[in-house]
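See structure below.
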Amino acid sequence: MTTTASRRAGVGAVRVPPADPTPDAPPSPGAEPARNAASGGSGTARSVPAGSPEPARPAPVSGPELREFMRNWATGVAVVTSRLAGRPVGCTVNAFTSVSLRPPLLLVSLARTSRTLAAITAEGGFAVNLLDRRQRELADRFATAAGDRFAGVAHRTVDGLPLLDGAMAVAVCTVTQLIGVADHTLVLGSPYRFQAGDDADPAVFFGGHYRTVSPA
């Protein structure tokens with residue numbers, strides 16, 4: 001691993017929204033981008049004559065409908081980990097992505113009621129563990145298990161944060177910003193440690209099931 005910055009750097013400037021440290025809620029798919037009121041979502045602005053009534057906006061789809069749509073989007077599987085009251089905590093997510101390269105930023109979306117979010121808020125840092133195909137049981141465990149999800153799970157600690165043994169790749173991050181959106185919080189993190197293995201065989205989630213990756 002290579003250290004490029006201190007995890008604690010800049011944490012004091014982070015705005016921290018309140019979080020209820022209750023058990024993790026299952027991660028939900030990303031929210032639909034807001035429509036442009038002037039363009040009706042087309043991306044091209046249209047002028048509206050003065051005095052003309054605003055066109056009615058279509059009703060949004062329901063949560064289950066959005067979930068059904070997101071089943072068509074293949075994602076990797078990750079476990080986000082942190083520390084709460086000196087104990088390791090974590091949850092499975094697929095709402096995870098990179099945001100920028102300059103500066104390097106990662107983003108993960110967590111339910112406001114997530115215990116892992118409460119830990120990240122208090123700790124000021126988190127780790128992202130990208131799971132190997134052979135770690136699907138861990139993905140299920142950290143998505144649904146109550147109590148101590150780390151009981152019997154092989155892991156190591158780096159800068160106080162738990163990293164899962166056997167993960168395909170791991171990144172350790174300092175929290176830079178927390179943004180509340182609906183019933184979730186977007187966690188932006190600056191990675192300062194990174195490690196990846198040479199034998200990549202990622203866990204992939206698609207259509208409500210785990211899949212394998214085949215060469216094109």
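Tabulated data
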{"quantity": "Euclidean distance between Cα centres, region 170-191 to region 108-141, Å", "calculated": "11"}
{"quantity": "Solvent-accessible surface (1.4 angstrom probe) belonging to Ile179, in square angstrom, nearest 10", "calculated": "60"}
{"quantity": "Summed side-chain charge close to Ala203 - residues other than Ala203 whose Cβ falls under 12 Å, Lys, Arg +1, Asp, Glu -1", "calculated": "0"}
{"quantity": "Exposure ranking of Asp159, Asp198, Asp132 by accessible area [1.4 Å probe, largest first]", "calculated": "Asp198, Asp159, Asp132"}
{"quantity": "Unit charges at the beta carbon, dipole of region 47-163: most positive-side option, Gly90, Pro64, Gly152", "calculated": "Gly152"}
{"quantity": "Largest to smallest accessible area among Phe205, Phe194 [probe 1.4 Å]", "calculated": "Phe194, Phe205"}
{"quantity": "Size of electric dipole in region 80-196: Cβ of Lys, Arg +1 and of Asp, Glu -1, about Cα centre, debye, nearest 20", "calculated": "60"}
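The values are calculated or read from the model by the stated rules, or taken from the named source; none is laboratory data. Every value quoted in this text rests on a predicted model; they were computed, and no experiment measured them. Glycine also receives a Cβ, built like all others from the backbone with ideal geometry; neighbour counts cover every protein chain displayed. All accessible areas refer to the heavy atoms of the entire protein, side chains included, with ligands and DNA or RNA removed. Shrake-Rupley method; radii C 1.70, N 1.55, O 1.52, S 1.80 Å.
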